[in-house]
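Shown next, in structure tokens, is the structure this report addresses.
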Amino acid sequence: MTVISVPQAFNEEQLFVDLESIFGQSLFLKCEGFNFAGSIKLKAATEMVETAEREGILTPDSILVESSSGNLGVALSMIAASKGYRFLCVTDARCNLSTRLLMKALGSQVHIISGPDAHGGYLGARLDFVRALCASDDRYVWLSQYTNPGNWRAHYRTTAPEIARQFPEVDVVFVGAGTTGTLMGCARWFREWSRPVKVVAVDSVGSVTFGGAPGRRMIPGLGMSVHPPLLDESFVDEVVLVEEADTIRACHRLARRGFLFGGSTGTVVSGATSWLEKNGAPGLTSVAIAPDLGERYLDTIYQSNWLQDLYGEDVLEPDERADT
Ligand code: PMP
């Protein structure tokens, strides 16, 4: 088995990492965290803001407002700052401190919703707050990532063709589902492509997106506590659900080999490797999307006390921890 180390693992043309030596499965990871905003959400944020500008919805005194678990908030903070708009991010307790500070450093306001909604998530409460704000003052412009077609169009225009250019032989693409913008953009594009590609959605147990029962989820990014309006399941070939404990194991396994990714990447990698264990075949070309990197999760996923408080002592065996 060839062991690929960090310096050798990245493809130069675009940032893909080969996970074969870590997980024993041929799986390329498309790393979307290498931009100024640090995540894939820069693509959706750009598309939504520029569409709103073209449509005349944004004017110089507009105040952008959005509900975000963090990454879209950071991306919008950056775009708002660069274009001279004010921005208010409505988020919740799962948004970590460094992300909040990052948004503030970029000049944004951050509002934290305190309690979960009736489904155990925070989304309903976040959206109620945004709606009330927009009703109270018409300077607020809510791009609404959950319903805005610009969210999926960004990935239709960029993410999916980038994968196809780099891997013209791609057979399977694994995409994590949050708002489902990434999933729907990729799934729609690959459905129209010349080659049949299976698009597998990866979601967290406890998310209602694909009809599961709502449950506690502490890792931000993937999963929804209300049905995502952008989702059209007819474009999705398969769905894999991942327990948060497996997400954490995958994150720490990657970290021990020098790859510090965010939680949703752990979910997608865990879902992809378990799918490949059952369905993989020699020569199959598989690509998974890694939405961000791990530095924003140092005080959560990569912190022993946080893990123990939420998941108990035995969530990771001693030799699975990144910090042992
Ligand atoms: N991972 C992370 C870290 C994210 O911030 C998001 C966006 N919520 C996603 C995955 C999911 O992407 P999408 O909203 O396009 O489904």
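Restricting Glu244, Glu317 to residues that are of a type outside the set (Lys, Arg) and away from the ligand (no atom under 16 Å from the Cβ) narrows the list to Glu317.
Residue by residue, here is whether (1) within 19 Å of Leu19 (Cβ to Cβ); (2) surrounded by fewer than 23 Cβ atoms within 10 Å (Cβ to Cβ); (3) within 16 Å of the chain's Cα centre (by Cα); (4) at pLDDT 95 or above holds:
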site: Ser264; (1), (2), (3), (4): yes, no, yes, yes
site: Thr267; (1), (2), (3), (4): yes, no, yes, yes
site: Trp275; (1), (2), (3), (4): yes, yes, no, yes
site: Ile301; (1), (2), (3), (4): yes, no, yes, no
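Evaluation of Phe235 against the conditions (1) surrounded by fewer than 23 Cβ atoms within 10 Å (Cβ to Cβ); (2) within 13 Å of the ligand (Cβ to nearest atom); (3) within 20 Å of Ala154 (Cβ to Cβ) shows that the sole unmet condition is (2).
Taken together, the residues in segment 232-272 that are aliphatic (A, V, I, L, M) and closer than 19 Å to Gly24 by Cβ amount to 8. Looking across segment 53-77 at every residue that is among the small types (Gly, Ala, Ser) and surrounded by fewer than 20 Cβ atoms within 10 Å (Cβ to Cβ), the one that is nearest to the ligand (Cβ to nearest atom) is identified as Ser62. Set side by side, the residues Cys95, Cys134 differ, and just one is away from the ligand (no atom under 12 Å from the Cβ) and either in a loop (DSSP other than H, G, I, E, B) or not basic (Lys, Arg) (or both), which is Cys134. Among the criteria (1) free of Cβ contacts under 8 Å to residues at least 40 places away in the same chain; (2) within 12 Å of the ligand (Cβ to nearest atom), the one Ala164 does not fulfil is (2). When you check Leu102 against the structure, is it within 28 Å of Phe235 (Cβ to Cβ), hydrophobic (A, V, I, L, M, F, W, C) and surrounded by fewer than 22 Cβ atoms within 10 Å (Cβ to Cβ), yes or no? Judged against the criteria, Leu102 is not a match.
Out of Gly107, Gly70, one residue alone is at pLDDT below 95 and small (Gly, Ala, Ser). It is Gly70. Residues in segment 248-264 that are part of a helix (DSSP H, G or I) and touching a Phe, Trp or Tyr at 6+ places or on another chain (Cβ under 9 Å) were compared, and the one that is nearest to the ligand (Cβ to nearest atom) is Gly263. Taking the conditions (1) surrounded by fewer than 21 Cβ atoms within 10 Å (Cβ to Cβ); (2) within 16 Å of the ligand (Cβ to nearest atom); (3) assigned to a helix (DSSP H, G or I) in turn, His155 satisfies each one other than (1). Of the numbered criteria (1) closer than 25 Å to Leu15 by Cα; (2) away from the ligand (no atom under 13 Å from the Cβ), the one Met218 fails is (1). For the condition on the phi < 0 side of the Ramachandran plot, within 13 Å of the ligand (Cβ to nearest atom), surrounded by 24 or more Cβ atoms within 10 Å (Cβ to Cβ) and touching a residue at least 40 places away in the same chain (Cβ under 8 Å), Leu230 does not qualify.
For the residues Val202, Val172, Val197, the requirement of being away from the ligand (no atom under 14 Å from the Cβ) and touching a Ser or Thr at 6+ places or on another chain (Cβ under 7 Å) singles out Val172.
The values are calculated or read from the model by the stated rules, or taken from the named source; none is laboratory data. Since the model is a prediction, treat every value here as computed from it, not as a measurement. Cβ coordinates were reconstructed from backbone atoms using ideal geometry, including for glycine residues, and neighbour counts include every protein chain displayed.
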